[in-house]
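A short write-up of the structure that comes next.
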Amino acid sequence: MKQGFFQIAENVPLTDSVMRMRLLGDVSDITASGQFINIKLDGLYLRRPISVYDRDENSVTIVYKAVGKGTEQMRQMKEGTLDVLTGLGNGYDLSEAGERPLLIGGGVGVPPMYLLAKQLIAMGKKVSVILGFNTKSEIFCEEEFKALGADVTVTTVDGSYGVKGFVTSAMEGKDYTYFYTCGPEPMLKAVYGASKTSGQFSFEERMGCGFGACMGCSCKTLYGNKRICKDGPVLRKEEIIWEK
Amino acid sequence: MGEMKVTLCGIELDNPVIPASGTFGYGYEFAELYDINLLGTFSFKGTTRDPRFGNPTPRIAECYAGMINAVGLQNPGVEKVIAEELPKMRKCFHKKVMANVSGFSVEDYAYTCEKLDSCEEVGWLEVNVSCPNVHGGGMSFGTSPEAAEEVVRAVKKVTTKPVIVKLSPNVTDIVAIAKACEDAGADGISLINTMLGMRIDLRTKRPVIANKMGGFSGPAIFPVAVRMVYQVSHAVKIPVVGMGGVSTAEDVIEMMLAGATAVEVGAANLIDPFACKTIIEELPSVMEKYKINTLSEIIGGCQ
C-alpha cells in the first residue's frame, strides 16, 4: 500500500452515470488487476474504494458509476489533486487461467476485467469476455475490450442489445479453461452455479479503512474469516460460502 | 525540542500517542508503512475468551465527520492471539503493548486477563466494559457502577499488570462509573468508547448497518470526549487516557489539558494510515507554538 497525491488528467462520461477518470501519480504499488484504490474526498469522512480499470507507467484509470454522494462528487470534478491509497487488495491470480480464460463482468463489475483481459492477452491467452448490462443505454467499454483482441459478448436483461438475458445465458455456449468474474452478488452466485470450471470471484463490501485494519468488511470462507479489502477482494470458487 | 515523555501507570511512554483498539489491528499492517516503534504504545484489537466472527455485514456507515462501526469484536480468541498474533506483532513492535479485553461475563474477563497476564510484552490491560455492539454482553457492565466494579475486582485478582478500564459514553453519569472502577482497584480509566448511533438508507428505508446500530466515532465526537475526560479526571486520582475523535496534534494537547495523561487515536487511523506518525511528528512544533516545554506538565492544565 502507498499513499499518493494524484492529479486528475481526465474525467469523462461513458454513459449517463458511468465515468472514466485517469489519475496521474505514483502507481508502483498497483501490482495486479482486480486491485482497488481508495480515494479521499472533501467533506466525506470515509475514503471511496474504486477498482482499477487500467494502469500504465505513470497513471491509473478507474471507471465508476455515480451512485452516491462520493461518486457524484467525483463526477463533478474537472481537475485537481486527490489523496489516494493504492495497491489495495490481492487482485486476480493469472497463473491458473489456462489457454482459454473466460471473463465475466456485470455492470460496475466490468471495469476490473479490462486490465485483466489486457494482461491475459499479453500472455498469449485466447480471452473471451461476457459483459452484462440491464439495457443498451447502460453499455460501456465494449469497443475497448474488442480493441484488445478479446472475443466479446454483450448481454442485456431487456434484450435491447446483444444476447437477451443475464451473463449466465451467454456462458452456456462458451468453451473455457478457467473464469474470472466481478459484479453484483446475485450475479456472482448465478455464475458460481452456471460455471463448469474453477474460477475467481471479486467481491464488494462496505469498507472502513480498505487496508485490513478495521475488520469492517470481513466474510466467512471455507478457509476461515477473510477481510474483503486485504485478503480479497478476489476469492477462489473453492473457498466461497454464500451466506446472504 | 520539547519533552514528550509521559508516564502511564508506572510505565514510561516516549510520547502520549496511542492508536486505539480496533483501528490498528496487531500493528503489522501499519508497520509496512512506517516504523511503529515511534508510537507511545498501541492498544491491539479487542480480545475475547473465544474466537468471534462478529456481526453480519455491512458493518460500516459514513457519517458527517465520522463513521459508525458494528464490527462486533471479531478476533481469533485469546489462545490464538497469544500463540499467533503476538509473536507476529513482536517482530515489528518492541515496546510494551496495551492488551484490550472484552467479555460477556465476569468469568470471561478474568479468564482472558489471566491468559494475557502471562505475556511479557503486554504492559497494560485495557478492560473494555463499553463495547456497544454486542447483544446482551459488554454494554451492561459499563452502564452500571456495580457491574463495572465487579469486573474490575475479578480482573485485579488475576493480574499484576496495570488495569485500565475503558468506559462507554452511553451513560447518564460517567463520573459515578469511573469512581466505582477506581474504588474497585482500577489503575487507570480510558474514555470514551464509541457513541451509539444509527443511519438509515433512504433508498431501501432500512438501517445502513446490518446490526441496525453501531458505535459512532470520528472528529464529530471530540467535544463530548473532551468534556467527559475533563469530568472524570477531576473526579478520580488515577490516570485517565483520553480518546474520541482525536485527529491532530492540537487535539492531543486539548485532551491533555482536559486531564488526559495519554491520548488514544482511533478512527483517524482508518482514514489516514499515517495519522499517528503525523501527529507525533507535529507535536513538537505545536508544543512550541503554545509555549509548552514539557508535555506531562500540561496534564489537567485546564481548570
Legend entry - Subset of the range B:9-26 that is surrounded by fewer than 24 Cβ atoms within 10 Å (Cβ to Cβ) and touching a residue at least 12 places away in the same chain (Cβ under 8 Å) - its residue that is farthest from the other protein chains (Cβ to nearest Cβ): B:G10
Inset, instruction - Count, please, the residues in the range B:97-115 that happen to be buried (at least 24 other Cβ atoms within 10 Å of the Cβ) and assigned to a helix (DSSP H, G or I). - result: 3
Inset, instruction - Kindly indicate the residue of the range B:63-75 that is assigned to a loop (DSSP other than H, G, I, E, B) and more than 8 Å from every other protein chain (Cβ to nearest Cβ) and also nearest to the chain's Cα centre (by Cα) among those meeting that condition. - result: B:L73
Legend entry - Test: residue in the range B:80-95 that is assigned to a loop (DSSP other than H, G, I, E, B), touching an Asp or Glu at 6+ places or on another chain (Cβ under 7 Å) and either more than 14 Å from chain A (Cβ to nearest Cβ) or over 26 Å from B:V151 (Cβ atoms) (or both): no
Legend entry - Answer residue from the range B:142-167, given it is free of Cβ contacts under 8 Å to residues at least 40 places away in the same chain and of a type in the set (S, T, N, Q) and is farthest from B:D183 (Cα to Cα) among those: B:T143
Inset, instruction - Say whether the condition of being out of contact with any Gly (no Cβ under 8 Å at 6 or more places or on another chain), buried (at least 18 other Cβ atoms within 10 Å of the Cβ) and within 30 Å of B:E281 (Cβ to Cβ) is met by at least one residue in the range B:71-92. - result: yes
Legend entry - Number of the exception - A:K230 against (1) touching a residue at least 24 places away in the same chain (Cβ under 8 Å); (2) surrounded by fewer than 21 Cβ atoms within 10 Å (Cβ to Cβ); (3) within 12 Å of chain B (Cβ to nearest Cβ): (2)
Inset, instruction - For the range A:37-69, enumerate the residues that are hydrophobic (A, V, I, L, M, F, W, C) and either within 14 Å of another protein chain (Cβ to nearest Cβ) or over 24 Å from A:N134 (Cα atoms) (or both). - result: A:I37, A:I39, A:L41, A:L44, A:L46, A:V60, A:V67
Inset, instruction - Would you point out which residue out of B:V129, B:V122, B:V78 is in contact with a Phe, Trp or Tyr (Cβ under 8 Å, 6 or more places away or on another chain), at pLDDT 95 or above and under 25 Å from B:C9 (Cβ atoms)? - result: B:V78
Legend entry - Of all residues in the range B:275-284 being touching a residue at least 12 places away in the same chain (Cβ under 8 Å) and more than 14 Å from every other protein chain (Cβ to nearest Cβ), the one that is nearest to A:P49 (Cα to Cα): B:I279
Legend entry - Qualifying residue in the range B:259-272 (condition: among the acidic types (D, E), part of a helix (DSSP H, G or I) and out of contact with any Gly (no Cβ under 6 Å at 6 or more places or on another chain)): no
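Yes/no matrix, rows are residues, columns are (1) farther than 29 Å from A:E243 by Cα; (2) among the hydrophobic types (A, V, I, L, M, F, W, C); (3) more than 20 Å from the chain's Cα centre (by Cα); (4) at pLDDT 95 or above:
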site: B:K157; (1), (2), (3), (4): yes, no, yes, yes
site: B:V163; (1), (2), (3), (4): yes, yes, no, yes
site: B:A186; (1), (2), (3), (4): yes, yes, no, yes
site: B:I189; (1), (2), (3), (4): yes, yes, no, yes
site: B:K205; (1), (2), (3), (4): no, no, yes, yes
site: B:V232; (1), (2), (3), (4): yes, yes, no, yes
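For every residue, the table says whether it meets (1) within 14 Å of chain A (Cβ to nearest Cβ); (2) closer than 28 Å to B:G10 by Cβ.
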{"site": "B:K212", "(1), (2)": "no, no"}
{"site": "B:G215", "(1), (2)": "yes, no"}
{"site": "B:G218", "(1), (2)": "yes, no"}
{"site": "B:V229", "(1), (2)": "no, yes"}
{"site": "B:G259", "(1), (2)": "no, yes"}
{"site": "B:L270", "(1), (2)": "yes, no"}
{"site": "B:P273", "(1), (2)": "yes, no"}
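The values are calculated or read from the model by the stated rules, or taken from the named source; none is laboratory data. On a predicted model such as this, the values are computed, not experimentally measured, just so you know. When we count neighbours, we look across all protein chains shown, and the Cβ atoms used for this are built from the backbone with ideal geometry, even at glycine.
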